[in-house]
Amino acid sequence: MWSKNTNKKIIGVILSIIIVALNFSPQIQGISQIPSEIKVLEGNHHTFDFNLPLNVCIESDKSGIIKINDGPDETKKVNCNLSKPLNLSTISKGKVNLEFKIFGIIPLKRITLNVIPEIKLVPGGQSIGVSLFTKGALVVGVSDIQTEDGKIYNPAEQAGILPGDVIEQVEEKDVKDADHLSNIINKKDGKPINLGINREGKRIFVSITPAKDANDKQYRLGLWVRDSTMGVGTLTFYEPKSNIYGALGHAITDMDTGSILSVQNGEIVNSQVISIIQGEKGKPGEIKGVFSGGKDAIGDIKLNTIYGIYGSVYSKFYDQLDAKALPIMLQSEVKEGPAKILSTIDDTGVREFDVEIIKTVKQDNQQSKGMVIKIVDQELLKKTGGIVQGMSGSPIIQDNKIVGAITHVFINDPSKGYGIYIEWMLKEAENKMAS
């Protein structure tokens, strides 16, 4: 007869074989890719379809936050068969940790469910003009200077200044714009100057000696600089309680250096679409718009980040909003399938267009490319060829909820592009506007 120790060893070997087999199964690998923390809106539910022929015990560390498979509110331990969909219904806001255990012993997955209050936003879709002035002067290039003695100098290159650097201070004075920088340089009459430079978020200091240009007798640093930019995009959302808007879904970058432009001040304004350049394979299209600012301004610009631009809208903008507030959809709820976008492509205003969400990427942290979107609306395809520049920020709607926004177009297939989840735009607005 086998001893008890022998029986334990056999059971241990069997369990080890089961664990190894399970870890290599596609279903278990699929479970491992589920985010360790999932947000769910209060009053909603989340369904997991593991499709795994296993009985598990699900243990929660709190009661009264969720229901498991419509069980009682106070239950903290439930046995489930993962071959059937697992339904988690929310009761109240808060966090609850769920531990999935095979046979009630072997840990399979730990998920933190974060139940947050419902959020409603007014969807955008309006074409907007963007007028942005940077902090300091952005270096877009360096150049040689010929002085009166016929010699060639390149002060910027000698000082180690690079394209993409932002000159924020001269002799400890803040640089307002390119003209301000030029005036300060010429007042120094050729003497060495100390510059405070922002290089990829780090402050560095350099000393540079201006050279006197033989042509116009002005002292120069041998720099090409830019201090403002303008363009057309699309408003994504407006939050009535905080008065904050979000737009574009991606950063405004300098056309020459690719650097994200810092914000000194700026405005978004009503834009009128005047023409469209159709998108083609290898050649992105573009919405052409005109705007003037002033009385057409609808909000300021406080932030320019890789997840879009943000600011506050002016009170007169409220009257222009026809749309009603819609609840948002968190990424855990987004499904591959039919959806709509709101955009403006002519003088008829904001319109709905049919799209397909053909891929979703579950993300633990903020990222800009969370969905792949395909335009299926025949009218939009005929008019624009698909996604074009100027449509960035167009809100994506699924099941009458705001999912996210269009951000980029596929160069080789303009009918497709990327989208950002709305929760990442909201997180950016909340974090940045509070700082």
Counted residues in segment 355-366 being closer than 15 Å to GLY404 by Cα and touching a strand residue (DSSP E or B) at 6+ places or on another chain (Cβ under 8 Å) come to 8
For segment 374-393, give me each residue that is farther than 15 Å from PRO284 by Cβ and not in a helix (DSSP H, G or I). LYS374, VAL376, ASP377, GLY393
Mind checking which residues of segment 230-260 are free of Cβ contacts under 8 Å to residues at least 60 places away in the same chain and either assigned to a strand (DSSP E or B) or among the small types (Gly, Ala, Ser) (or both)? ALA251, THR253, ILE260
From LYS212, LYS241, LYS202, residue being of a type in the set (Lys, Arg) and more than 36 Å from the chain's Cα centre (by Cα): LYS212
Selected residue (only one of ASP70, ASP61 is loosely packed, with under 15 Cβ neighbours inside 10 Å and in contact with a Lys or Arg (Cβ under 8 Å, 6 or more places away or on another chain)): ASP61
How about segment 52-97: which strands (runs of 3 or more DSSP E) wholly inside it have at least 1 residues that are over 14 Å from ILE111 (Cα atoms) and touching a Cys at 6+ places or on another chain (Cβ under 9 Å)? 55-60, 77-81
Could you grab me the full set of residues in segment 154-167 that are at negative phi and surrounded by fewer than 19 Cβ atoms within 10 Å (Cβ to Cβ)? ASN154, GLU157, GLN158, LEU162, PRO163
List pairs: first residue in segment 261-280 and more than 25 Å from ILE375 (Cβ to Cβ), second residue open to solvent by 80 Å² or more (accessible area, probe 1.4 Å) and among the basic types (Lys, Arg) anywhere in the structure, Cβ distance under 6 angstrom, at least six positions apart or on different chains. SER262/LYS135; GLN264/LYS135
Of the residues in segment 332-359, those that are assigned to a strand (DSSP E or B) and open to solvent by 30 Å² or more (accessible area, probe 1.4 Å) come to PRO338, LYS340, ARG351, GLU352, ASP354, GLU356, ILE358, LYS359
For segment 408-423, check the following and say yes or no: at least one residue is part of a helix (DSSP H, G or I) and under 14 Å from the mean Cα position of the chain (by Cα). yes
Taking VAL130 as the residue in question, decide whether it is in a strand (DSSP E or B), at pLDDT 90 or above and open to solvent by less than 40 Å² (accessible area, probe 1.4 Å). yes
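The values are calculated or read from the model by the stated rules, or taken from the named source; none is laboratory data. As the structure is a prediction and not an experimental result, all values here were calculated from the model. For neighbour counting, all protein chains shown are included, and Cβ atoms are generated from backbone atoms with ideal geometry for every residue, glycine included. The protein model used for the area step is the full one, side chains on, heavy atoms only, and it has no ligands, DNA or RNA in it. Shrake-Rupley method; radii C 1.70, N 1.55, O 1.52, S 1.80 Å.
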